[in-house]
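First comes the structure, then the notes that go with it.
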Amino acid sequence: MKKTLLILAVTLTAFAAYAQETSLRVVASIKPIHSVAAALMEGVGAPSLLITGATNPHDYQIRPSDAESLQNADVLFWVGPDLEGKSIEAIARSARIVTLVPDEDGHDGHGHDEHDEHGHDEHGHGHDEHGGENPDLHLWLDPHRVEEVVAVMLDALVQTDPDNASTYRANGKALLERLHLLDENLRERIERLESGRSYVVFHDAYASFEDRYGLRSAGALLSGDPHGHEHSPSAHRLTELRELLLETSTDIGCVFIEPAFDPASAKVLTEGTDVKLVVLDPLGTDIPAGADAYFLMMENLAASFEECFATP
Ligand SMILES: [Zn+2]
C-alpha cells in the first residue's frame, strides 16, 4: 500500500513538472518581439506574428486576417503607437496589452476605458530616461534593453497563464543568459572594426545599437522624421549626403540599405564612388520567425557592419 502511494506521488510530481500546452493566444507585432515571446513560450505554445515579410512596421496596415487574430488575442506584445500605429491596440480589445514604448504623452494612443475588465496596460520601462528626448522605437536593437523587455513580457505571461509560470520563468532565465552572451559577442565583433570609419544609414533606426556598441553614423537618408512616413529622401538631403561621400576626409565605408525601402536613392548616392551598398536589416526579414530569429538578426547586423567597414 505504501509503495503504491509512493509511486502515485512520484507520478504526480513528474506530471506537474511537465508544462501544459497553453490555450493562451499571444500575438506579437514584429519579428524581433515575436522571437522573444516564442522563446518565453517554448514548451507551452507559440505566439503568432502580426507584421510579416518586408512590411515596414512604420506604415503597417491591418489586414482582415490580422484583425481577427487581434480580436481573439489574450495577450498583445507590441512596441507602441508611434511604431506600428494606433489602430492595432484598439482592435485587440480583450487582450492584455504590453506596450514597450508608450507615445510621448505616456499614453498608448487610446483611452484605457476602451478595454474590458480583462484589459490591462503594462508599460515597459520609462521613455524619458534620456532626458526627455524622443524614445528610440527600435529598442530591440540593444540586447541589454531586451533584458528589460523579457522581464515585462514574462510578467504578463505569468499573470495571464499562471499554470505555466514555472516554464515561463525557466525560459526567461535561459533567454537572459543567451542575451548576455549575444551582447558580449556583438561587443567583441564591433570592437574589432577599424576605428575612424563611418557609414550612412537608410532610416534613423539604430540609435540603440549605436549607443550600446559605440558606433556613430554620418547621417541618414531619411532625416528629420525618424518615426514618420517619409519613404524617399528629399533632393536636398541627397545632395547633402552626396557631398559628404565625395569629401575625401570622411572615411565612409558604406551606405546601408534596408529591405523595407527602395534602394534607388541609395544607389544614386554612391554612383561613381567607392562607397559600398550593404544591406542592414533591423527586422530579420528573411529569417524564419521563432525563438532563434532575434539572435540571427542581431548576428546579421554585426556581419553587415563588418562588411561595411572592411577595407577592399
Ligand atoms: Zn524604423
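Things to note:
- Equivalent ellipsoid semi-axes, the stretch 172-220, via Cα gyration tensor eigenvalues times 5, rooted, Å: 25, 14, 6
- Simple spin-label estimate for L246 and K86 gives 4.4 nm between the two label positions (7 Å along the Cα-to-Cβ direction from each Cα).
- Note on surface exposure: E84, E68 rank E68, E84 by accessible area, highest first, 1.4 Å probe.
- Calculated FRET efficiency for the pair L296/R169, C-beta based, R₀ 35 Å, to 0.05: 0.90
- Summed over the residues of the stretch 158-312 and divided among them, the accessible surface reaches 50 Å² per residue at a probe radius of 1.4 Å.
- Computed FRET value (nearest 0.05) for A310 with Q61, which takes r as the C-beta separation and R₀ as 45 Å: 0.70
- The portion of the accessible surface of the stretch 158-258 made up by carbon and sulfur, rounded to a whole percent, is 48 (1.4 Å probe; DNA, RNA and ligands excluded).
- The 3J(HN,Hα) values that the Karplus relation (6.51, -1.76, 1.60; θ = phi - 60°) gives for the stretch 34-51 are, in residue order, 4, 5, 4, 4, 5, 5, 5, 9, 3, x, 10, x, 9, x, 9, 9, 7, 9 Hz. Gly and Pro appear as x.
The values are calculated or read from the model by the stated rules, or taken from the named source; none is laboratory data. Here the structure is a predicted model, which means the values were calculated and not measured. Heads up, the Cβs are rebuilt from the backbone with ideal geometry, glycines too, and the neighbour counts pull from every protein chain shown. Note: areas computed on protein heavy atoms with side chains; ligands, DNA, RNA excluded. Shrake-Rupley method; radii C 1.70, N 1.55, O 1.52, S 1.80 Å.
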